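Chemist: Quick one: this structure, given as C-alpha cells, is what I'll be asking you about.
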Amino acid sequence: TVAAVESALAAAPAGCDPLDTRHCYLPYPSNYHAVADDYSITGIRVRFPQEGAPVNASGVPIDMAEWNRNDGFSPNSSILVHIADVDPEASHLPKWTDLGASLDDDATVVLIDRDTGERFPLWAEPDVNSDGSPIPPEDQTITVHPAVALPEGRTYVVALRGLVDTRGEPIEAGPVFRVYRDGLTTEIPEIEGRRPAMAANLAALEAAGIATDDLY
C-alpha cells in the first residue's frame, strides 16, 4: 500500500491531489486545493498548482492566477471525479428523474453538510465530450449535480460507494483514500498532514448515518 501511495504522489506535479491521479485538480472542488488565509473572509484561499493546469487544444495551459484569488469554491459548482470503467446503471447513480433516490439509505452518491449532517438531493451522470460522444472508459469522469442551491460559507462532504465496473465487479478504493478510510499509517508527510481533515470528513459521514468502511 505504501508503495502504491508513493506512486500516486509521484504521478503528478507537487500540489496535485493524490486521491485522483487522472488529473491534478480532481476530485473537484476540494479543500485540498485551499490554504489558510487570514485576509480572506472565509479564512481560506484557493491554491491550484500552475504546473497541473489544464491545457487548451493548442497545448497552452490555463493561467490559474485569477482562480487562486478566490476565497473558496462556489457552492453551486458541479462536482467532478474520475472513476475508470464505471457502469452508471449497475452502480445505480442517482438520476435527475428520481432525486429522492439520492436521499435513500443505500444511495451510492451522498452529499452532506459536514457540520450539521444535513443531506442534499443530487443526481450523478457520466461526463461526455463536447460533441456528445462518450468518453473512453479509462478516462470516464462522473459529474455530481446538487439539485438545490447549497448555502454559502459551509463545508460539504461527498461520499461514493457501491460502484460497479462494466464487467460487474465492485470498484475498490484507491490506495490513498484507503489509507485514510482504514486508518493505515504511512509515515509519509504529504499523506499524514491531511489525515485530520479526512478524519473529520469520515466522522461527519458516520454521524450522519453513512457507513464509511466500504466507501470508494
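Chemist: Sort out which residues of the range 95-109 are open to solvent by 40 Å² or more (accessible area, probe 1.4 Å) and outside any loop (DSSP other than H, G, I, E, B), and write them in order of number.
Modeler: Answer for the range 95-109, where residues must be open to solvent by 40 Å² or more (accessible area, probe 1.4 Å) and outside any loop (DSSP other than H, G, I, E, B): L99, G100, L103.
Chemist: Name every residue in the range 162-176 that is under 16 Å from the mean Cα position of the chain (by Cα), of a type outside the set (G, A, S) and surrounded by 17 or more Cβ atoms within 10 Å (Cβ to Cβ), in order of residue number.
Modeler: Listed by number, the residues that qualify are L163, I171, P175, V176.
Chemist: List pairs: first in the range 33-58 and free of Cβ contacts under 8 Å to residues at least 60 places away in the same chain and of a type in the set (V, I, T), second open to solvent by less than 40 Å² (accessible area, probe 1.4 Å) and part of a loop (DSSP other than H, G, I, E, B), Cβ under 8 Å, 6+ apart or cross-chain?
Modeler: I44/D37; I44/G72; V46/G72
Chemist: List pairs: first residue in the range 142-167 and within 22 Å of E206 (Cβ to Cβ), second residue of a type in the set (K, R) anywhere in the structure, Cβ distance under 9 angstrom, at least six positions apart or on different chains.
Modeler: R154/R114; T155/R114; Y156/R114; V157/R114
Chemist: Sticking with this structure for a sec: Looking at the range 183-197, which of the residues that are in a loop (DSSP other than H, G, I, E, B) and of a type outside the set (V, I, T) is least open to solvent (accessible area, probe 1.4 Å)?
Modeler: It comes out as R194.
Chemist: From A208, A204, which residue is within 17 Å of the chain's Cα centre (by Cα), open to solvent by less than 50 Å² (accessible area, probe 1.4 Å) and of a type in the set (A, V, I, L, M)?
Modeler: On inspection, the qualifying residue turns out to be A204.
Chemist: In the range 33-43, which residues are under 26 Å from V176 (Cα atoms) and surrounded by fewer than 18 Cβ atoms within 10 Å (Cβ to Cβ)?
Modeler: V35, A36
Chemist: Go through the range 35-82 residue by residue and tally those that are over 29 Å from A147 (Cβ atoms), hydrophobic (A, V, I, L, M, F, W, C), outside any loop (DSSP other than H, G, I, E, B) and more than 18 Å from the chain's Cα centre (by Cα).
Modeler: Looking only at that region, the number is 2.
Chemist: What pairs come up if the first residue lies in the range 98-127 and is within 14 Å of G209 (Cβ to Cβ) and β-branched (V, I, T), the second is outside any helix (DSSP H, G or I) and open to solvent by 70 Å² or more (accessible area, probe 1.4 Å), and their beta carbons are under 9 Å apart, counting only those six or more places apart or on different chains?
Modeler: I112/E118; T116/R154
Chemist: Somewhere in the range 86-93, is a residue among the acidic types (D, E), part of a loop (DSSP other than H, G, I, E, B) and surrounded by 13 or more Cβ atoms within 10 Å (Cβ to Cβ)?
Modeler: The answer is yes, given that some residue of the range 86-93 is among the acidic types (D, E), part of a loop (DSSP other than H, G, I, E, B) and surrounded by 13 or more Cβ atoms within 10 Å (Cβ to Cβ).
Chemist: Quick check: is even one residue across the range 52-74 of a type in the set (D, E, K, R) and open to solvent by less than 40 Å² (accessible area, probe 1.4 Å)?
Modeler: No, every residue in the range 52-74 fails to be of a type in the set (D, E, K, R) and open to solvent by less than 40 Å² (accessible area, probe 1.4 Å).
The values are calculated or read from the model by the stated rules, or taken from the named source; none is laboratory data. If you're wondering where the values come from, they're calculated on a predicted model, not measured in any experiment. Heads up, the Cβs are rebuilt from the backbone with ideal geometry, glycines too, and the neighbour counts pull from every protein chain shown. Each accessible area value is taken on the protein alone, full model and side chains, heavy atoms only, with ligands, DNA and RNA left out. Shrake-Rupley method; radii C 1.70, N 1.55, O 1.52, S 1.80 Å.
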